Structure formats: structure tokens, C-alpha cells
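Inspection log for the structure reproduced underneath, given as C-alpha cells.
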Amino acid sequence: MAGTSDKWADHAKRHLKAELKRADVSYAELARRLTDMEIAETDTSVAAKVNRGAFPAWFLFAVMRAIGAHTLRVEDWS
């Protein structure tokens, strides 16, 4: 089962990294935006969560809002 969860964590990591790149937002800028949303984060804590790929759903939703991404497309994941 760990292989399956590792696969999905990798999808999540790659998706968030792509969204950050598309939005031209660095980890430091994301941490600032999240902190402005009253979610205390540092660039180091953001990088750790994203690179691990295993983060809570609330973090994914908060990041997507912080960078102005309005959709999450999962049908392209294989």
C-alpha cells in the first residue's frame, strides 16, 4: 500500500510545484502570502511540505487560493 500512497504524494508534489512555477511564486513569496492569510508558514516549512508531497488538504487549498489558482485538474494524472 505504501507504493500507492507514495505515487499520490508524488502527484501532489509535482502538481503544486507546477502551479507555483506557472504562477511565478517562490516558496518565500508563498510563505508571505499564506502568512497574510493568517496561516503562519516560513519558506523552509513550505518547501518541506511541498517536497514531501504529503500535506493536508487544507494546505493544498490554501496554496491554490494564495497563488490565484482556481481549478485543480486531476484527470491528467497517470
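Only the coordinates and a few stated rules stand behind these numbers; no lab work does. As the structure is a computational prediction, the values presented were derived from the model and not from experiment. Here the Cβ positions follow ideal geometry from the backbone for every residue, glycine too, while neighbour counts run over all protein chains shown.
Magnitude of the charge dipole for the chain, about its Cα centre and with charges confined to Cβ atoms of Lys, Arg (+1) and Asp, Glu (-1), is about 140 debye. Average 1/r across all pairs of distinct alpha carbons in the chain, invert it, and you get the Kirkwood radius: 12.7 Å.
The modelled label-to-label distance between Arg14 and Ser26, using points 7 Å beyond Cα along the C-beta direction, is 2.7 nm. Cβ-Cβ distance of Asp36 and Ser5, R₀ of 25 Å, FRET efficiency by 1/(1 + (r/R0)^6): the value works out to about 0.20.
Just want the answer: with Cβ charges of +1 for Lys and Arg and -1 for Asp and Glu, which residue in Ile39, Ala62, Thr4 is farthest toward the dipole's positive end in the range 2-66? After comparing all options, I get Thr4.
Candidate membrane-span-like segments in the chain, meaning DSSP H helices with Cα atoms spread over at least 18 Å of their own axis and a Kyte-Doolittle mean of 1.6 or above, do not occur, with no membrane implied either way.
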